[in-house]
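Taking it in order: structure first as structure tokens, then the write-up.
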Amino acid sequence: MFSDHLSLVQTALTVLFTHLTGWIIYCLYFHPLSTIPGPFLASFSRLWIVLKTAAGDMDRTQRALHREHGHIVRIAHNEVACSDPEAIKIIYRTKHVFAKSDYYDAWAPPSSGYVGHFPSRDEKEHNERRRIVNNVYSMSSVLESEQAIDSCTWLFCDNMRDFATQNSVVDLGLWINIYAFDVLGELFYGNMFGFMRERKDISGYMNAIDALLPAFSIGGTVPSYLTKPFLISTTLFSPSIRGALGAVKHLEKASQAAVTKRKDQITNNKDEKRDMLRKMLDISAERGTELDFTDSHVFVESHSSFFAGADTTAIAINSILYHLMRNPTAYSKLTAEVDAAISDGTLSMPITYREAVKLSYLNACVNEGMRLHPSVGLHMPRIVPPGGATISGFHFPAGYRIGINAATVQYDEEIFGSDAYSFNPDRWIKGDALRMERAIIVFGTGPRTCIGKNISLSEIYKLVPQIVRDFEIRLVEPEKGWKTTDYWFHKQTGINVYVRERDHGND
Ligand code: HEM
């Protein structure tokens, strides 16, 4: 009896071993991607990409891999990372698109309807749904709410003044983050959520996003049949994920209540604000039936902006300010440019977006801060469409995954020069800016490019010069770098600063 069991186990192990050996040999020598270099573990499984994503430093890992192997690296048996600037226009093209891969399924809410712009993988449906709201996100539409952004900027500066008087250490990263949440509250609900007023992470929402990001990033990289079980088991076994989901639910309820309240005010003619929420409610009221754009779509649109838009914007602003603090020459040049523009009247107070974008050195600092530390630090995977594609000299059959990480392509030394790893805003003034711009994918590109880009740019171009004008900020421990974690959002922590209010006398 015992020996029967033993031989059964032996047979099973032999079958397993033979199958695994056969699979590895196939992947290494006969698979369509077999000639592409990369880590051994990645060549026959998805284990490498899962483990490296879980480590939270894929940006550095991928840069090292591309330095070693070139533009094309196999990061799973069926997936490739590409760092070739020339490939951007192929992989993220607008016609015969490379659809989003199943990575994005992990980010989709459990829903039978449209899952939202970001996770949607049905390119046709996405295109139709996005067209309904595109105008609401245009720069002219966002700037109709410029005063709302100003009110957040004033509150931010008031708090900084307080800290300056107290000479206390400020966690700048946290403050920029809560600023970005409050701006979205103003734009999408006509009300700040009160993060800055309360000086805290309301309902633990920021912590909730931090807890969910690793689960979604890893859930997207495991084989697709494991995505759901992985997400369910993390919910069951991780108290922090359960807590995070509770916080998200809480904010969802608050958002729903805000939408309902606004609708009531509109019905009673007590609402004159032309913010994003109002514009979307108007679309729903006027053409909702024809477009199938109901209040619940409006709610998803507003709520998902919180998830997608606050951290990303904060990461960009943090990167610009952090690099300026570590590069005193650049910081002084920017301060001089802003001061001069205020003195000669080309920049008003409060600083307007349209005036700020005309400042060349500010532009250079913004571009350089987002180039060196893109807010999304993982590659954006797509599926090679029918017919296949030739990219960087390799032919890829249909169905395989390929993507580019902004944190690799934006370090390309051919394009950005041998100092591509350094913060050097002057490259945007002295170098070939158009050529460099073509290699920048901070906001993605093609049909899935970021819908909230104009919101972020207006925040960045208004807040950064305002801070530079009103304050002098310096790192508490300049020799100590920030800490970063890369779970799609490439977040920084440890940007502790001293703030001093600048004295402009009578100028
Ligand atoms: C500096 C700030 C931001 C950065 C760097 C950024 C980055 C990106 C990137 C790289 C993508 C493309 C992802 C992909 O192709 O896989 C994207 C898409 C998206 N972003 Fe942003 N984002 C920012 C701000 C915002 C804001 C403020 C919002 C909302 C208010 C937003 C909402 C979205 C949405 C909904 C998508 C999906 C678009 C689609 O597929 O149609 N983002 N973003």
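The values are calculated or read from the model by the stated rules, or taken from the named source; none is laboratory data. Model, not experiment: these values are computed from the prediction. Every residue, glycine as well, gets a Cβ built from its backbone with ideal geometry; the counts of neighbours run over all protein chains shown.
General observations
- Residue match in the range 107-116 (condition: of a type in the set (Val, Ile, Thr) and assigned to a loop (DSSP other than H, G, I, E, B)): yes
- Some residue of the range 88-98 being among the hydrophobic types (A, V, I, L, M, F, W, C), part of a loop (DSSP other than H, G, I, E, B) and closer than 27 Å to Asp412 by Cβ: yes
- Looking across Leu291, Leu277, one residue alone is away from the ligand (no atom under 15 Å from the Cβ), in contact with a Ser or Thr (Cβ under 9 Å, 6 or more places away or on another chain), in contact (Cβ under 8 Å) with a residue 40 or more places away in the chain and in the same structural domain as Leu143 (by the TED database). It is Leu291.
- Qualifying residue in the range 83-105 (condition: of a type in the set (Gly, Ala, Ser), more than 14 Å from the ligand (Cβ to nearest atom) and modelled with pLDDT of 95 or more): yes
- Test set (1) without any contact (Cβ under 8 Å) to a residue 40 or more places away in the chain; (2) crowded, with 19+ Cβ neighbours inside 10 Å; (3) not in a helix (DSSP H, G or I) - Ile241 fails condition number: (3)
- Scanning the range 392-434 for residues that are in contact (Cβ under 8 Å) with a residue 40 or more places away in the chain, part of a helix (DSSP H, G or I) and of a type in the set (Asp, Glu) turns up just one, Glu414.
- Test for Gly393: is it away from the ligand (no atom under 16 Å from the Cβ) and either of a type outside the set (A, V, I, L, M) or assigned by the TED database to the domain that holds Val97 (or both): yes
- Condition met for Lys228 (away from the ligand (no atom under 16 Å from the Cβ) and not in a helix (DSSP H, G or I)): no
- Those residues of the range 438-448 which are touching a residue at least 40 places away in the same chain (Cβ under 8 Å) and either near the ligand (Cβ under 8 Å from one of its atoms) or of a type outside the set (A, V, I, L, M, F, W, C) (or both), in sequence order: Arg438, Ile441, Val442, Gly444, Thr445, Gly446, Pro447, Arg448
- Screening Arg74, Arg60, Arg67 for residues that are more than 23 Å from the chain's Cα centre (by Cα) and under 23 Å from Arg438 (Cα atoms) leaves exactly one candidate, Arg67.
- Flag for Leu334 being in a helix (DSSP H, G or I), touching a Cys at 6+ places or on another chain (Cβ under 6 Å) and either surrounded by 21 or more Cβ atoms within 10 Å (Cβ to Cβ) or not acidic (Asp, Glu) (or both): yes
- For the range 244-258, filtering for residues that are touching a residue at least 60 places away in the same chain (Cβ under 8 Å) and within 30 Å of Tyr103 (Cβ to Cβ) leaves 2.
- Set side by side, the residues Asn424, Asn506 differ, and just one is at pLDDT below 95 and away from the ligand (no atom under 16 Å from the Cβ), which is Asn506.
- Residue under evaluation Val497, criteria (1) within 15 Å of the ligand (Cβ to nearest atom); (2) surrounded by 21 or more Cβ atoms within 10 Å (Cβ to Cβ), criterion not met: (1)
- Filtered residues of the range 295-328 (kept if of a type in the set (Phe, Trp, Tyr) and surrounded by fewer than 24 Cβ atoms within 10 Å (Cβ to Cβ)): Phe299, Phe306, Phe307
- Among the residues making up the range 337-371, those that are part of a loop (DSSP other than H, G, I, E, B) and among the charged types (D, E, K, R) are Asp344, Lys358.
- Selection status of Lys261, closer than 22 Å to Glu186 by Cβ and modelled with pLDDT of 85 or more: no
- Selection of helices (runs of 4 or more DSSP H) fully inside the range 118-222 by the criterion of at least 2 residues being within 16 Å of the ligand (Cβ to nearest atom) returns 123-133, 139-143, 146-166, 172-189, 205-221.
- Single match in Val142, Val115 (criterion: at negative phi, crowded, with 17+ Cβ neighbours inside 10 Å and modelled with pLDDT under 95): Val115
- Among (1) surrounded by fewer than 18 Cβ atoms within 10 Å (Cβ to Cβ); (2) touching an Asp or Glu at 6+ places or on another chain (Cβ under 7 Å), the one test that Asp122 misses: (2)
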